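The values are calculated or read from the model by the stated rules, or taken from the named source; none is laboratory data. Please read these numbers as outputs of a predicted model, since none were measured by experiment. Cβ sites come from the backbone with ideal geometry, for glycine too, and all protein chains shown count toward neighbours. Areas reflect the complete protein model, heavy atoms only, side chains present, ligands, DNA and RNA absent. Shrake-Rupley method; radii C 1.70, N 1.55, O 1.52, S 1.80 Å.
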Amino acid sequence: MTSFAEPAWAPGSFLARITVPEREALLALGVTRRLPGGRQILVEGNRDTHVEVIRQGHVKVTTDIGGAPRLLAIRLPGDIVGELAAFTGNGRSATVTTCGAVVSTVIRQADFLAFLGEHPAVANQVTATVGGRLRWANERRSEFAAFPVHVRLAHVLGEIAASCGEAVRDGLLIGVELSQTELATLVGAAEDTVQKALRLLRDRGLVRTGYRRITVVDHLALLALAEEPDL
């Protein structure tokens, strides 16, 4: 049997919300696999209904708009994906793609739903997870109208760095490759406007950028930028 060393679960993730016995019992229901980067583990529109629990690594959640993928979210170790299709039986609402090596556990719909029926506390945490994602999406939409792009970008980069940033000599290296197109989707702006916002953040010494790589140089100052939206 293959052994997988467990990392610390991302704060607030689904697995972090439930107890150790609940977590062990749930994961024992599924098949754990190691996947390379760039693998689609769920595909928008497909009718499969299993869920996946991300145990190591990160995945991107995207949806197709006008023939192009649009980034919706990044999921972290301890997160669950695919739960909506398991509940509704409808087609997948988004595509989930691995960012680098990922370890995940696949749980069949019938086993997952039966487990939730027997463990109401875990079912409550699934509901809380879905509600938290909806709240996050609503907050982003509210920010689109309330703040200029550089502030929205600072907020998103600060959140991502806090959740999947790797400490390096000069700051926090965001552990997920992000294109300017993907950033534009996350902050609800045109790509050229995001380019200008990134340049502004660089000029202020808050971030350093490379090809699809962003290092947050001053995390606290980046988060504080939301307090001065009229720059």
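Annotations for the structure displayed:
- For the stretch 161-175, the Karplus equation 6.51 cos²θ - 1.76 cosθ + 1.60, evaluated at θ = phi - 60°, returns couplings of 4, 5, 8, 9, x, 10, 5, 10, 4, 10, x, 10, 7, 5, x Hz by residue, with Gly and Pro reported as x.
- Lys/Arg +1, Asp/Glu -1 at C-beta; the chain dipole; positive extreme among W136, V156, A184: A184
- For the stretch 1-133, the Kirkwood hydrodynamic radius comes to 14.9 Å, computed from all pairs of different C-alpha atoms.
- Expected 222 nm ellipticity per residue - DSSP helices of 4 or more, -39500 (n - 2.57), all of the chain, to 500: -13000 deg cm²/dmol
- Linear extension gain, R108 paired with N124, 0.36 nm per residue minus alpha-carbon span: 3.8 nm
- Note on the stretch 106-231: Cα convex hull, mean projected area over all directions, 9.7 nm².
- Per residue, the chain exposes 49 Å² of accessible surface when a 1.4 Å probe is rolled over the protein heavy atoms with every protein chain present.
- Springs join every pair of Cα atoms under 10 Å in this Gaussian network model of the chain, and among A114, A86, A190 the largest mean-square fluctuation is at A114.
- Of the trypsin sites (Lys or Arg not before Pro) in the stretch 136-175, those whose Cβ has at most 11 other Cβ within 10 Å and which sit in DSSP loop: R169
- Pairwise FRET efficiency - Q180 versus V31, Cβ, R0 = 35 Å, nearest 0.05: 0.40
- Under 20 Å from the T63 label point (7 Å along Cα→beta-carbon), backbone N, the stretch 186-201: 186-191
- Only Cα pairs under 8 Å and 6+ residues apart enter the sum, and on that basis the relative contact order of the chain stands at 19 percent.
- Dipole size of the stretch 165-228 about its Cα centre, with +1 on Lys/Arg Cβ and -1 on Asp/Glu Cβ: approximately 220 debye, rounded to the nearest 20.
- In this simple spin-label model, placing a label point 7 Å from the Cα along the Cα-to-Cβ direction at both T209 and E24 gives a separation of 4.7 nm.
- Alpha-carbon centroid distance for the pair the stretch 1-76 / the stretch 89-113, whole angstrom: 6 Å
- Taking only the C-alpha atoms of the stretch 91-155, Rg followed by Dmax gives 16.9, 47 Å.
- Rounded percent of accessible protein surface that carbon and sulfur make up, the chain, 1.4 Å probe: 53 percent
- Couplings 3J(HN,Hα) for the stretch 32-48, derived from phi with the Karplus relation 6.51 cos²θ - 1.76 cosθ + 1.60 (θ = phi - 60°), are 9, 9, 10, 10, x, x, x, 8, 7, 9, 9, 10, 3, x, 5, 9, 5 Hz, where x marks Gly and Pro.
- Using θ = phi - 60° in the Karplus curve 6.51 cos²θ - 1.76 cosθ + 1.60, the 3J(HN,Hα) couplings for the stretch 193-201 round to 5, 5, 4, 5, 5, 4, 4, 5, 5 Hz; x is entered for Gly and Pro.
- Counting Lys and Arg as +1 and Asp and Glu as -1 over every other residue whose Cβ lies under 9 Å from the Cβ of Q125, the net charge comes to 0.
- Remark: the chain carries a charge dipole of roughly 420 debye about the Cα centre, counting +1 on each Lys and Arg Cβ and -1 on each Asp and Glu Cβ.
- Placing dummy labels 7 Å off each Cα toward the beta-carbon, the span from V156 to R141 is 1.6 nm.
- Cβ-derived FRET efficiency at R0 25 Å, D170 paired with R199, nearest 0.05: 0.85
- Largest GNM mean-square fluctuation among G210, G38, G188, using the chain with Cα springs under 10 Å: G210.
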